[in-house]
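Before any comments, here is the structure.
The values are calculated or read from the model by the stated rules, or taken from the named source; none is laboratory data. Please read all numbers here as calculations on a predicted model, not as lab measurements. All Cβ positions, glycine included, derive from the backbone under ideal geometry; neighbour counts span all protein chains shown. For accessibility, only protein heavy atoms count, side chains too; no ligands or nucleic acids. Shrake-Rupley method; radii C 1.70, N 1.55, O 1.52, S 1.80 Å.
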Amino acid sequence: MGASKPVEPVVRALKLLEALNRKSASSLGDLRAATGLPKPTLIRLLDTLIAAGYGARISSEAGYRITEHVLSLSIGLRFVDRIVDAAMPAMSQFTREHDWPIGLAKVRDAVVVLLHSTAPQSPLSFERAGYNRTYPLIPSALGQAYLAFCPAEERRRLIRELLPASELSVLGMRNTEALEAHLAVVRQRGYAVTLSPRPFKVLGLAVPVRQRRQVLACLVMRFPRSVMTHEQAADRYLGSLNATARTIVTALATQDSTN
């Protein structure tokens, strides 16, 4: 099936928003020159942006401007930029010391999304960095680490909304209570490992990046099963992974204090 056509009024509104963003104030003439849209269309779109809180009319002479409400459109992106900026030095340090690549990921909607990886820096890397690569909540180690350490009410909601019973049965779990029991084991030992009904060639060892009760992201070290077991990986690298997670949280706090 071919791609659907863009909704033209939405495209025009976004083009207008971009034009407004380029100047502190824009007249109708400025906006018409920047967008190529006719005056009646501009007025309708401006009225819509103003009603939605994204624009304001300064005066008949000065024209129009955007409002601070447009910043809400970039909240998610700004957080990703912040946490990646905070994490990169500590993650690179881990890979310099231990050679293994590690990744940073965050839960978004129903999947775990890879935000950053040190794979390009690792002499032991066997995978491409895969930025924006996604992993399922279960059976991935990243998803389990998030579910195990996030607040209980958030965990119950995610399990209820995102994990069908059929998926649990494939993993040998009878119901959500069995999954909760498994996640309690993850919390007790302090890390998650790839869970699968069949042997994976690659395992992940994942820990949360926590700020008080909130899980900001998760770190994972991926390695071939043929090299070591997850118990051996935890014995050798869990302390350093957790130290890296704490360093990221500290770096984020430093960012906040200087902004």
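Figure the gain on full extension for Gln211 and Ser240 (residue separation times 0.36 nm, minus the Cα-Cα span) and round it to one decimal in nm.
Here the segment from Gln211 to Ser240 would lengthen by 8.7 nm.
As a test of the formula, what do you get for the chain when each DSSP H run with n ≥ 4 contributes -39,500 (n - 2.57) and the sum is divided by the residue count, at 222 nm and rounded to the nearest 500 deg cm²/dmol?
-16000 deg cm²/dmol
With helices defined as uninterrupted DSSP H runs, which ones in the chain have an alpha carbon span along their own long axis of at least 18 Å and mean Kyte-Doolittle hydropathy of at least -0.5?
Both cut-offs are met by 8-21, 39-52, 75-98, 176-189, 230-258.
With the crude spin-label approximation of a point 7 Å out along Cα→Cβ, what separation in nm comes out for His98 versus Ala25?
5.7 nm
Whole number in Å², please: accessible area per residue of the chain, 1.4 Å probe, ligands, DNA and RNA not counted.
55 Å²
Computed from these coordinates, which is P(r) over Cα pairs in 10 Å bins from 0, in percent: (1) 6, 25, 24, 18, 16, 9, 2, 0; (2) 8, 32, 33, 18, 8, 1, 0; (3) 6, 25, 23, 14, 13, 12, 6, 1?
(1)
Using Cα pairs under 8 angstrom and six or more residues apart, how large is the relative contact order of the chain, in percent?
15 percent
Would you mind telling me the share, in percent, of accessible area of the chain contributed by carbon and sulfur at probe 1.4 angstrom?
Answer for the chain is 54 percent, counting heavy atoms of protein chains only.
Let me cross-check Val11: its accessible surface, 1.4 Å probe, with only protein heavy atoms counted, in Å² to the nearest 10?
Result for Val11: roughly 60 Å² accessible.
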